[in-house]
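Structure first, then comments.
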Amino acid sequence: MEVKQKTALTLALIGTVGFIGYRYYVAADSKKTAEAFANKWMAVVCKRNSDHIADMYHGDGVLIGDVSEAIATGRAEIELYFREFVEKMPCGSVDNVSVIMNGDTAIANGNYTFTFDEEDGSVTNNPSRFTFILKRDEDEWKILTHHSSIHPTVEPTDEGEYEDEDLEDDYEDGQ
């Protein structure tokens, strides 16, 4: 092999390794920012400004919330949903989140717990689970689809096991 061919092959190899490393770095950074997005979203919700919350959604975004039967589509409907939601004085925390990356799209799944200030001064907790489908819009994430649902509860026994009758209700006909 001639010197020119070895040099070209070496440069191609270095370029390929560099490109793969760069893509890995960008993907890892994107995953971190997608994970952080859920916390940022909750911080904005805690400020209780429906317009700012709606700004976090893609213009054609979809919201399937847990306090309305309607599916909110587009910024105007999403803002209306949150205008009603913030009247309940919500705040909360993201309990956990995991992210799956696919190019400039991320799927963030996790659990969050909302707290609501009641009129009598008490606070109620509402553990829920969520899915955000996020898309990069220039340098920031926007929510394409957001699904939220109240966390289901099955009461464990004192031993930490589920009662057989609790499970049987979900699996009729031996399924």
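The values are calculated or read from the model by the stated rules, or taken from the named source; none is laboratory data. These numbers come from a predicted model, not from an experiment. Here Cβ is always computed from backbone atoms with ideal geometry, including for glycine, and neighbour counts include all displayed protein chains.
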Name the residue that is surrounded by the most Cβ atoms within 10 Å (Cβ to Cβ), counting only residues in region 103-119 that are touching a helix residue (DSSP H, G or I) at 6+ places or on another chain (Cβ under 9 Å) and within 27 Å of Met89 (Cα to Cα).
Ala108
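Yes or no, residue by residue, for (1) at pLDDT 90 or above; (2) farther than 24 Å from Met101 by Cα:
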residue: Gln5; (1), (2): no, yes
residue: Val26; (1), (2): no, no
residue: Ser30; (1), (2): no, no
residue: Ala34; (1), (2): no, no
residue: Phe37; (1), (2): yes, no
residue: Val67; (1), (2): no, yes
residue: Ile78; (1), (2): yes, yes
residue: Phe82; (1), (2): yes, yes
residue: Lys88; (1), (2): no, yes
Of all residues in region 114-135, how many are under 17 Å from Ile53 (Cα atoms) and under 14 Å from the mean Cα position of the chain (by Cα)?
6
Note: among Lys47, Lys88, just one is closer than 17 Å to Ser128 by Cβ, surrounded by fewer than 16 Cβ atoms within 10 Å (Cβ to Cβ) and among the basic types (Lys, Arg), namely Lys88
Which numbered condition Thr73 fails, given (1) among the polar types (S, T, N, Q); (2) at pLDDT below 95; (3) touching a strand residue (DSSP E or B) at 6+ places or on another chain (Cβ under 9 Å)
(2)
